[in-house]
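Have a look at the structure below, then the notes.
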Amino acid sequence: MKKYSFLIYHKDYMEFLDGIRDIGVLHVIERQSGKIEDDELRAKYQQVNEFNQAIKFLSKRNPEAKPIDEKETDGISVLNEYKKLQSDQESYQQKLAQLQKEKVVLEPWGDFSWNTIEKLQQAGYIIEFYICPNRNFDPKWEADFNLMHISEVSSQKYFVVLHSPDETIDIHAEKIKLPEISLKRLNKSINEIIGILEKTEELYDDFAARYRDLLEQTRGKLAGELDFKKVVLNTEKQADEKLMLLEGWVPAEKEPEINKFLNESDVYYQAEKPTPKDNIPVLLKNKKFPKLFEAIGELYSLPDYREIDLTPFFAPFFMLFFGFCLGDAGYGLLFILAATYFKFKADKKFKPILTLIQFLGLATVLFGTITGTIFGMNLIDTGYLITDQSVAIFQQHNLPADIIEKLNGLLDVHIESKLAFQSRLKDLLGSEAYANYHNVIIKNTKADFPFLNSFRHLLLDPDKMFKLALILGGVQIIFGMFIKAANQARMYGYRYAFPTLGWLLLILGGGTVYLLNSTAHLTDNTAKIIFFLVLGISSLGIYFFNNPKRNILINFGAGLWDTYNMVTGILGDLLSYIRLFALGISSAILGFVFNDLAMNMSPFNIPVVGQLVFVLILLIGHGINIFMSGLGSFVHPLRLTFVEFYKNAGYIGGGKKYNPFGKK
């Protein structure tokens, strides 16, 4: 970004702003103090908001387009007409609700004429309406008073009492006042209002067909006026308001466009590089794949202008973590097919989201394939059977005779799950022999489905998935630390990266020495010498050169505190990645449960009905599982990205999005 400052004569200012707006590359710097809003601006905000609400409402309708009359091209008038229509609709809805309440009260009394009631009153009689629970009704009332039953609804008696003015009525029942309208007339009024509301819905469809584009155009024009007004309010007036000072940011690659305009205009300007104190807007620049994940990164915060954008670095991890959590090849295939289908129908602005769903679906297919899970079916637990052919293969692999003899105890014994088979093998062979030969034995057992024999042993069981989750977590944490070191060197200078590089050397160097020693590639003495050498070099960066501006004692104290935070922090961060394994397992288990429910609860003895119930349970069950697991598969990788990865990458954030002043 380059910081531009403009000084313009006040009479030329509006013309200058029109030119700047046409170019559309300047992000105007807002004033930190002073009046930046006025009544006109607030009124325009309100009007734009009303347009947004109208467009959002009409966008949910998809009627056939109709031509606009030439005289009906005023977007403001159309909005006012829409608001009146909406106000009338609300008024009729309130009236309908009131009439429906009156209908509920009046219905038990039937359709009677109020003229008759009025004539009785003119004749000197009083008629009263009562409601009483059946259990509280006293039959003696019928003998004592002129009482007439009307109806009985929901264990309530509805009756009237006719009496003279001087007669006292002592009845322990609820006396009510009815709306003075007949049921027939009330129903007619309700039907009339329902007809008006239905007509209103048709008018909304007509509005959507005729005026939605016009409303969007008018909203864009108003938004442009808003931006223009905001720029004017963010302009500082100098030299008794004769000169106007405006500042803003321009991306470096856009400089030729604005410089050409400025050189042709009678404007004084300066272009400067940003200083550390400047609040510089951020314009992300990513290629096609990481660009899909920019919206995910923006859920947290844009990066600071001076730091590395982490979007391309977390994008592949997020995709893999989503697939790990959902972990069902069938579900992933549905994601891909659904997103591909809707891409042919969706607006251009929604296609990147659908492309992102395709990539997430692809990762889900990958992890579902390597774990052998498809629509809740587990391909790993598909039966284990040692046959004569298996024994012959064991002999070809030179398994000891005593081992083969023990395996004959499992000959032709069908065991359902891998875990149960491994347990039987361990009991039969002993721990040491099991550790040496279980791979070749499991590889050459027969599955219930012959096509699985060639690759089933390659599928990852829960134990291996648990380890894989920790490995992926460790890789992302270390990768984040490399980014942190690069960020520190870029923002502050290479010497500030020494403590992070020290930790990386200690973790990777120490881990490599341990691995080589445990595999007998290094003797114990050589391993100790190399380890202490790694420890010494890394300690220099961690404890003594962690901040070049502080003295060595303060650095040592800060290094001790950093050691405590690193040891506890990295361990906690690493354990957080277990959630990948847990979510993947829970998704697979839920899918299996719904499959089991469909098999056990479907009445297959009833033709057609059994199959329909089976399909219905599968659709509902797997639909619930896809929703719940899909939501978790999005949220938890998000958490791992924004907490564990961002922390270890030293992410600062807080960037403000680049928003150029231009035409809408």
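Summary of computed values
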item	result
Failed item in (1) in a helix (DSSP H, G or I); (2) crowded, with 18+ Cβ neighbours inside 10 Å, with Leu226 passing the rest	(2)
Leu452 being surrounded by 14 or more Cβ atoms within 10 Å (Cβ to Cβ) and under 24 Å from Phe592 (Cα atoms)	yes
Hits in the range 294-346 - residues which are surrounded by fewer than 18 Cβ atoms within 10 Å (Cβ to Cβ) and among the polar types (S, T, N, Q)	Ser301, Thr340
Flag if Asp573 is surrounded by fewer than 17 Cβ atoms within 10 Å (Cβ to Cβ) and assigned to a helix (DSSP H, G or I)	no
Candidates Ile507, Ile530 - the one that is part of a helix (DSSP H, G or I) and surrounded by fewer than 18 Cβ atoms within 10 Å (Cβ to Cβ)	Ile530
Some residue of the range 344-359 being of a type outside the set (Phe, Trp, Tyr) and in contact with a strand residue (DSSP E or B) (Cβ under 9 Å, 6 or more places away or on another chain)	no
Where Ile181 falls short, out of the listed (1) in a strand (DSSP E or B); (2) touching a residue at least 60 places away in the same chain (Cβ under 8 Å)	(1)
Failed item, numbered, when Val160 is tested on (1) within 30 Å of Gly248 (Cα to Cα); (2) touching a Phe, Trp or Tyr at 6+ places or on another chain (Cβ under 8 Å)	(1)
Any hit, the range 555-563, residues being assigned by TED's automatic domain parsing to the domain that holds Gly330 and assigned to a helix (DSSP H, G or I)	no
Subset tally (residues that are surrounded by 15 or more Cβ atoms within 10 Å (Cβ to Cβ) and of a type in the set (S, T, N, Q)) for the range 229-258	2
Residue within the range 619-641 that is among the small types (Gly, Ala, Ser), in contact (Cβ under 8 Å) with a residue 12 or more places away in the chain, closer than 30 Å to Phe359 by Cβ and outside any helix (DSSP H, G or I) present	no
Filter result for Ile483 (in contact with a helix residue (DSSP H, G or I) (Cβ under 9 Å, 6 or more places away or on another chain) and in a helix (DSSP H, G or I))	yes
Candidates Ala520, Ala489 - the one that is surrounded by fewer than 19 Cβ atoms within 10 Å (Cβ to Cβ), among the hydrophobic types (A, V, I, L, M, F, W, C) and on the phi > 0 side of the Ramachandran plot	Ala520
Restricting the range 633-648 to residues that are buried (at least 16 other Cβ atoms within 10 Å of the Cβ) and of a type in the set (A, V, I, L, M), the residue that is farthest from Asp227 (Cα to Cα)	Leu640
Check on Tyr651, modelled with pLDDT of 90 or more, surrounded by 13 or more Cβ atoms within 10 Å (Cβ to Cβ) and assigned to a loop (DSSP other than H, G, I, E, B)	yes
Sole residue being outside the structural domain of Trp141 (by TED's automatic domain parsing), surrounded by fewer than 13 Cβ atoms within 10 Å (Cβ to Cβ) and modelled with pLDDT of 85 or more, chosen from Glu201, Glu167, Glu174, Glu216	Glu201
Filter pass, Lys260 being part of a loop (DSSP other than H, G, I, E, B) and either out of contact with any Gly (no Cβ under 9 Å at 6 or more places or on another chain) or free of Cβ contacts under 8 Å to residues at least 40 places away in the same chain (or both)	no
Residues (buried (at least 19 other Cβ atoms within 10 Å of the Cβ) and either among the basic types (Lys, Arg) or in contact (Cβ under 8 Å) with a residue 60 or more places away in the chain (or both)) located in the range 365-374	Phe367, Thr371, Gly372, Thr373
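The values are calculated or read from the model by the stated rules, or taken from the named source; none is laboratory data. These figures come from a predicted structure and were not determined experimentally. Glycine gets a Cβ as well: all are built from the backbone with ideal geometry, and neighbour counts include every protein chain shown.
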